[in-house]
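The values are calculated or read from the model by the stated rules, or taken from the named source; none is laboratory data. Everything numeric in this text was worked out from a predicted model, so none of it was measured. Cβ coordinates were reconstructed from backbone atoms using ideal geometry, including for glycine residues, and neighbour counts include every protein chain displayed. Areas reflect the complete protein model, heavy atoms only, side chains present, ligands, DNA and RNA absent. Shrake-Rupley method; radii C 1.70, N 1.55, O 1.52, S 1.80 Å.
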Amino acid sequence: GATFEQRNPARLTEVTGIWPASTREDARAAVEAAEVAFASWSKLTPIARASYLKKALENMRERASDIAGVLTAENGKTIAESRAEVQSGIDEAEFQIHEGLRMYGETVPSRRDGVFAYSIRKPLGVVSAITPWNFPFNVPVRKIVPALMAGNTCVFKPASLTPMTGLMFTECFVDAEFPAGVLNFVTGGGSTVGAEFTTNPAIRAISFTGSEEVGKRIHRMASEQLIKTQLEMGGKNPAIVLEDADLDAAAKSIVRAAYVCAGQWCTATSRVLVVKEVAEELTKRLLEEVERIHIGEGVDPNTDMGPVCGTEQLETIGGYLETGKKEGAVLLTGGNVRKDGQFADGCFIEPTVFGEVTEDMTIAREEIFGPVLAVMKVQDFDDAIRVANNVRFGLASAVYTKDLNRTFRYIEENDAGVMHVNLMTAIKEPHLSFGGVKESGHGLPEAGKTGIEFFTEHRVVYINYGR
Ligand code: NAD
């Protein structure tokens, strides 16, 4: 009977849903249902599984606009951003359904006469998908579609800030008449539902996206029982701007990647490392671009940047703004939580740029996960790479240059899972893997070929046919 409520971050007076605060027993029942369903789901051919998943995909397409509306009401991102997220989820689902049809093994000549040797891939069993609020549709797609295609059954816990989006995702499967128990959706807390979904002995793999603190805790617990993990965590993503860059294009691209979804993309640009020769010019252009950002409710088509997702986010980001000011960074624009007029009821923060940020400052090291950009002056290319790498994260990065030599040196020397040249840090496509290095990611990355790979295990067969 216990419940929790979720509110629209653009207007905290609006309750968007009241949800079951499920218990560990509820979560255990979901795992048991998934265990039962695994016996028959795993025996279907990939083509048969794909026919179910294609129906779910069709439902996603038909409901895209409704899902986007709910996403904006729960998360706050603009309606254009929500539509783009749903479309991106649909594209990834389509790719993973086709990828899962292949389930490649290997055939290699045996060293023994009359022996045929090959490998096959099998599903793991029950797997958990634990997801964050910043991509409440796309992240579940990226985990659950390949997990099911590979023949696993799944328990799914959405973030408590965005359960309705998770439910609408799940309903696409329910209405495609998936067999009971194949996908199980449970709302509730990290320490109850999350804990059960990461420690229950029937769980064979956990795909988690969220903070590094929770990711590490999950990994510690999972390691006790040799449960496989795929952890996608935070970032402190740098954009390096060299003296030969097209500064107008770089500024536009950086500002887009810094403030989209109010800076709450894991791949958002949060540090600009600009060589001293063009620092002033670039900063001027960045500020001109930021000036154009119109803050407001996500449902208003004129809004460029919506609220941040909830009061906890508001407080955390507000805290970083104060720390930035205290530690001596120069506030170039923004820097305030908005509580005036139309913003009184919501979680709005001004798009903020700090200048003269140095490596030792908190805002240069910690993931703020808000609309805050730190501009840092560097001496030259080598200094830029050193500063870029001098954080514990390694998710995404970008370099803006026309120089081929330094482009390739950046690719060789920068520690990031997803690198970009003259493109924003947030670009990703479904057919390539997506994940961070260092403390940003662990285990096989999601999407691309590794999307399915993570959810399978390899078996090897030797057949003596007697020659
Ligand atoms: P979070 O770690 O607070 O929560 C993520 C999920 O874990 C939620 O569903 C939460 O309920 C659950 N959880 C919390 N405690 C748990 C526990 N003890 N056991 C099991 N589950 C538990 O993260 P968040 O605030 O929802 O998301 C923001 C973070 O996600 C940021 O750090 C961001 O960078 C990261 N993120 C990373 C990627 C990526 O692909 N690398 C993508 C999106 C978001």
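Some notes on this structure:
- When each of V275, V241 is tested for being within 14 Å of V399 (Cβ to Cβ), surrounded by fewer than 24 Cβ atoms within 10 Å (Cβ to Cβ) and touching a Leu at 6+ places or on another chain (Cβ under 6 Å), the lone residue that passes is V275.
- Positions within segment 42-59 being of a type in the set (K, R) and surrounded by 13 or more Cβ atoms within 10 Å (Cβ to Cβ), in sequence order: R49, K54, K55
- Among the residues making up segment 336-382, those that are aliphatic (A, V, I, L, M), buried (at least 20 other Cβ atoms within 10 Å of the Cβ) and not in a loop (DSSP other than H, G, I, E, B) are I349, V353, I363, A364, V372, L373, A374, V375, M376, V378.
- Assessment of segment 308-323 against the conditions (over 27 Å from E281 (Cβ atoms), open to solvent by less than 50 Å² (accessible area, probe 1.4 Å) and polar (S, T, N, Q)) yields at least one matching residue.
- Checking each residue in segment 407-444 for being open to solvent by 40 Å² or more (accessible area, probe 1.4 Å) and over 15 Å from the mean Cα position of the chain (by Cα) picks out F408, R409, I411, E412, E413, D415, M419, V421, N422, L423, H431, K438.
- The set of residues in segment 439-467 that are closer than 27 Å to R392 by Cα and of a type in the set (G, A, S) comprises S440, G441, G443, A447, G448, G451.
- Flag for G328 being closer than 24 Å to E5 by Cα and in contact (Cβ under 8 Å) with a residue 24 or more places away in the chain: no
- Subset of segment 332-359 (residues that are under 29 Å from the mean Cα position of the chain (by Cα) and farther than 25 Å from E81 by Cβ): G355, V357, T358, E359
- Residue in segment 9-25 that is in a helix (DSSP H, G or I) and out of contact with any helix residue (DSSP H, G or I) (no Cβ under 8 Å at 6 or more places or on another chain) present: yes
Rundown of residues vs (1) more than 26 Å from the chain's Cα centre (by Cα); (2) assigned to a helix (DSSP H, G or I), yes/no style:
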position: G234; (1), (2): no, no
position: P238; (1), (2): no, no
position: E243; (1), (2): yes, no
position: K252; (1), (2): no, yes
position: E281; (1), (2): yes, yes
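- Taking the conditions (1) within 16 Å of the ligand (Cβ to nearest atom); (2) at negative phi; (3) not charged (D, E, K, R) in turn, A180 satisfies each one other than (1).
- Test result for H420, more than 14 Å from the ligand (Cβ to nearest atom) and either at positive phi or in a strand (DSSP E or B) (or both): yes
- The single condition among (1) within 16 Å of the ligand (Cβ to nearest atom); (2) farther than 21 Å from N390 by Cβ; (3) crowded, with 21+ Cβ neighbours inside 10 Å; (4) small (G, A, S) that A257 does not satisfy is (2).
- Condition broken by F169, with the remaining ones in (1) of a type in the set (A, V, I, L, M, F, W, C); (2) more than 13 Å from the ligand (Cβ to nearest atom); (3) open to solvent by 10 Å² or more (accessible area, probe 1.4 Å); (4) assigned to a helix (DSSP H, G or I) satisfied: (3)
- In segment 247-261, the residues that are within 13 Å of V272 (Cα to Cα) reach residues that are open to solvent by less than 10 Å² (accessible area, probe 1.4 Å) and assigned to a helix (DSSP H, G or I) with C-beta atoms within less than 7 angstrom, at least six apart or across chains, in these pairs: L247/L282; A250/L282; A251/L282; A251/L286; I254/L286; V255/L286; V255/V290.
- In this structure, V186 qualifies as more than 7 Å from the ligand (Cβ to nearest atom), among the β-branched types (V, I, T) and open to solvent by 10 Å² or more (accessible area, probe 1.4 Å).
- Scanning segment 44-66 for residues that are closer than 20 Å to A147 by Cβ, in a helix (DSSP H, G or I) and not polar (S, T, N, Q) yields a total of 13.
- Criterion violated by F178 - all others in (1) over 25 Å from Q87 (Cα atoms); (2) open to solvent by 10 Å² or more (accessible area, probe 1.4 Å) satisfied: (1)
- The single condition among (1) touching a His at 6+ places or on another chain (Cβ under 6 Å); (2) acidic (D, E); (3) closer than 24 Å to K377 by Cβ that D248 does not satisfy is (1).
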